[in-house]
1. How much net charge surrounds Ala2 when only the other residues with a Cβ under 12 Å from the Cβ of Ala2 are counted, with Lys and Arg +1 and Asp and Glu -1?
2. Enumerate the amide H contacts of Asp97 below 5 Å, restricted to partners 5 or more residues apart or on another chain; note that Pro and chain-start residues carry no placed amide H.
3. For the stretch 142-151, take each phi angle, set θ = phi - 60°, evaluate the Karplus expression 6.51 cos²θ - 1.76 cosθ + 1.60, and give the result in whole Hz per residue in order, putting x for glycine and proline.
4. Helix-derived [θ] at 222 nm for the chain: sum -39500 (n - 2.57) over DSSP H runs of at least 4, divide by residue count, nearest 500?
5. Among Gly25, Ser62, Gly106, whose Cα sits farthest toward the positive end of the charge dipole of the stretch 3-124 (+1 at Cβ of Lys/Arg, -1 at Cβ of Asp/Glu, about the Cα centre)?
6. Considering only DSSP beta bridges with both partners in the chain, what is the antiparallel share in %, to the nearest 5?
7. Once R0 is set to 22 Å, what does the formula 1/(1 + (r/R0)^6) return for the Cβ-Cβ distance between Asp9 and Asp195, expressed as a FRET efficiency to the nearest 0.05?
8. Only counting other Cβ atoms within 10 Å, I'd like Leu136, Leu201, Leu99 sorted with the fewest neighbours first.
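Here, each number is a calculation from the coordinates, and none is a lab measurement. Here the structure is a predicted model, which is why all the values come from computation and not from measurement. Virtual Cβ from ideal backbone geometry, glycine too; neighbours counted across all protein chains shown.
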Amino acid sequence: MATILVVEDDQILQETLQYNLEQAGYSVIATGDGISGVDIARRQKPDLILLDVMLPGLDGFSICRILAQEATVPIVMLTALQDESHLIAGLELGANDYLVKPFSLGELLARIRALLRWSARQAQATIPDVLCIGPLRLDRESRRAWYEHRELSLSHKEFDLLTCLMYNAGVALSRDVLLEKVWGERFVGSHRTVDVHIRWLREKVERDPSNPIFIHTVRGIGYRFEEPIEVPLPANV
């Protein structure tokens, strides 16, 4: 039985979510403030988190940023904000999906099931704990990466994107594939999200981001990671 943490300060909505999720067969832990939400997530290690944006103590964006750096638990943002910039902000901080209030129970359950399936596949993946290609070394367990002896400062999604690219070195990966593997199959953003993160990643691993030697653009498809014959030191580490 999967455990879902609901962090929602609207008592009626919180109780409604808890009741319906339990009726659907999930174990539910609920809280109404952000600080306790982070504490519960760290102690109980839920399989999925439903996270409201506007919370007392600590807002949903801050919680998302904290938890996304510490674990790979799927996070669904619940928001009344219609502004697309707020929705993108949550996804960029590490959320896997979002629902704008009011939403239907059927849609919520469908997204939960999809994210739990994606999370299970990620857990069963046979990606090695350490990936080494040329001067780049990546440790999945500690979520750290190095260019030779210099540690790279990577965001949560940059790290996941680099992991995906290095693990599939030599293979052209479409933007759709990258969106599914890094952001989850229910991610509703555009291909621009991939392009922006590729640009940020190139700035950290390429000597000349405008003339990359590691992360190559495959026209009409997406991106391919390659090990160059000659490797210069990166400009930014």
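1. Details: positive: Lys45, Arg113, Arg117; negative: Glu22, Asp47.
Result for the local shell: +1.
2. Ile75, Met77
3. 8, 6, 10, 9, 9, 10, 6, 9, 9, 6
4. On the way: 8 runs with 94 residues, N = 237.
Per the formula, -12000 deg cm²/dmol.
5. Sorting the options by dipole projection puts first Gly25.
6. If we restrict to bridges inside the chain, about 50 percent are antiparallel.
7. Working: r = 36 Å, r/R0 = 1.62.
E(calc), rounded to 0.05, equals 0.05.
8. Leu99, Leu136, Leu201
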